[in-house]
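**Q** Input: one structure, supplied below.
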Amino acid sequence: MRKLLGLGLVAAILAGSAPAYASPEITLGLSNWPGWVAWYVAEHNGYFKKYHADFKLVWFSSYETSVEALSAGKIDANCQALIDSMAPIEKGVPIKVVLTTDNSAGNDALVVDNSIKSFADLKGKTIAVRMDSIEQYLDEYALKKNGLTPGDVKFTNMSTSDAAAALMAGRVSAAGVWNPWIQRIENRKAGHVLFSSASAPGVIPDIVAVQDSVLKKYPTQFVNLAKVWFATVKYIDKHPKEAAAIMAPHVELPPKEYEIALSGTRLFGEKLNHYSMNGAYKNMTVSLYKSTDDTGKFLKAVGAITKTPEPESFIDPSYVNAASK
């Protein structure tokens, strides 16, 4: 029922009509990714109420739509990847990054058909992937780490679901996908992981991005949101099975399957947020400052941006720092 209500709310927001709230709730968009579905653990455990965080979770069945909704000012905040935040920021969309939710640690992968055993076998083959995306970035990273260049393969542009379907149908040799698609391909014995984000620590960070005007109006709320998140990560770290059971119904997966997806996500609690969000640690693998530089090079190469935004202009560590005091 919550999922249906969330979709209805999204429809109202995207249609431009403001939903009627009894209180000035802040809308936080999220979609199908373990590091974001985790907010339902916070809701289930009463952490929003405990830490006086007045937020309304808004479910998006399409991740891309959630990013577009934030950029258009239709929601107040959104859970999204750092790499997908940079083009809007460069174009002048007034958003700030206030929290790191996680790093992908196995949930994004280059999956290949069963005839391919090594990167050498991949040369000249076709990889289905959503172009200019996280998955293309990871695929190119994997190729370069293993002695190939992007020119050694053929990329074809598809949505992630279509890429997975094309691989399972034998229409392409490889696909850049994330879970649950990785599990679905493996469960059907249609392919296997050649490279995953587990071998690329820090390459794919996920964050909470917020409209600058909302931050200025409700600064304390985002300190409270960080406290909610830190408590949630502590709970999930201590009780992964119970957390998976809470999260799984929201994405229509069995809890045991969702445990696997959850294990491929490195959730960032208080300590890791301190390192990722503060510029003093910009040389660390987990740093958003380092990730901004690395992903900026890729985005410029594919023409998604012309100049990498300065991290200091959009990463605001003050909320996680205040939540840690």
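The values are calculated or read from the model by the stated rules, or taken from the named source; none is laboratory data. Just so we're clear, the structure is a prediction, and the values are computed from it rather than from any experiment. Note: ideal-geometry Cβ built from the backbone for every residue, glycine included; neighbour counts use all protein chains shown. Accessible surface areas use protein heavy atoms only, side chains included; no ligands, DNA or RNA. Shrake-Rupley method; radii C 1.70, N 1.55, O 1.52, S 1.80 Å.
Yes/no per residue for (1) of a type in the set (F, W, Y); (2) touching a helix residue (DSSP H, G or I) at 6+ places or on another chain (Cβ under 7 Å); (3) within 15 Å of D102 (Cβ to Cβ); (4) open to solvent by less than 60 Å² (accessible area, probe 1.4 Å):
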| residue | (1), (2), (3), (4) |
| --- | --- |
| K216 | no, no, no, no |
| V233 | no, no, yes, yes |
| H239 | no, no, no, no |
| E242 | no, no, no, no |
| A248 | no, yes, no, yes |
| V251 | no, yes, no, yes |
| A261 | no, yes, yes, yes |
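**Q** Right, here's the next one. Given K234, K217, K189, K227, which one is basic (K, R) and farther than 30 Å from A42 by Cβ?
**A** Within the list K234, K217, K189, K227, the selection yields K189.
**Q** Quick test of your reading of the structure: A301 fulfils all but one of (1) surrounded by fewer than 18 Cβ atoms within 10 Å (Cβ to Cβ); (2) modelled with pLDDT under 95; (3) more than 24 Å from I95 (Cα to Cα). Name the failing condition by number.
**A** Condition not satisfied by A301: (3).
**Q** Quick check on segment 202-214: of everything there that is more than 17 Å from L30 (Cα to Cα) and modelled with pLDDT of 95 or more, which residue is most open to solvent (accessible area, probe 1.4 Å)?
**A** Here the residue is S213.
**Q** Can you report the number of residues in segment 185-201 which are in contact with a strand residue (DSSP E or B) (Cβ under 8 Å, 6 or more places away or on another chain) and either closer than 30 Å to K50 by Cβ or open to solvent by 40 Å² or more (accessible area, probe 1.4 Å) (or both)?
**A** 4
**Q** Limited to segment 73-108, what total is found for residues that are within 16 Å of the chain's Cα centre (by Cα) and touching a residue at least 60 places away in the same chain (Cβ under 8 Å)?
**A** The total comes to 23.
**Q** Condition check: assigned to a loop (DSSP other than H, G, I, E, B) and in contact (Cβ under 8 Å) with a residue 40 or more places away in the chain. Does S115 satisfy that?
**A** Yes: the conditions hold for S115.
**Q** Turning to a different aspect of this structure: From the set of residues in segment 130-178 that are part of a strand (DSSP E or B) and touching a residue at least 60 places away in the same chain (Cβ under 8 Å), which is surrounded by the most Cβ atoms within 10 Å (Cβ to Cβ)?
**A** A175
**Q** For segment 106-121, enumerate the residues that are closer than 16 Å to D152 by Cα and open to solvent by 40 Å² or more (accessible area, probe 1.4 Å).
**A** Within segment 106-121, S118, A120, D121 qualify.
**Q** A further question on this structure: Hey, G124 hits all of (1) open to solvent by 10 Å² or more (accessible area, probe 1.4 Å); (2) part of a helix (DSSP H, G or I) but one; which does it fall short on?
**A** The failed condition is (2).
**Q** All but one of (1) closer than 15 Å to G202 by Cβ; (2) of a type outside the set (A, V, I, L, M, F, W, C); (3) open to solvent by 10 Å² or more (accessible area, probe 1.4 Å); (4) under 19 Å from the mean Cα position of the chain (by Cα) hold for N283; which doesn't?
**A** (4)
**Q** Say we look at segment 187-209 and pick out the residues that are part of a helix (DSSP H, G or I) and without any contact (Cβ under 8 Å) to a residue 60 or more places away in the chain; which of these is nearest to S263 (Cα to Cα)?
**A** Checked segment 187-209; the qualifying residue nearest to S263 (Cα to Cα) is S199.
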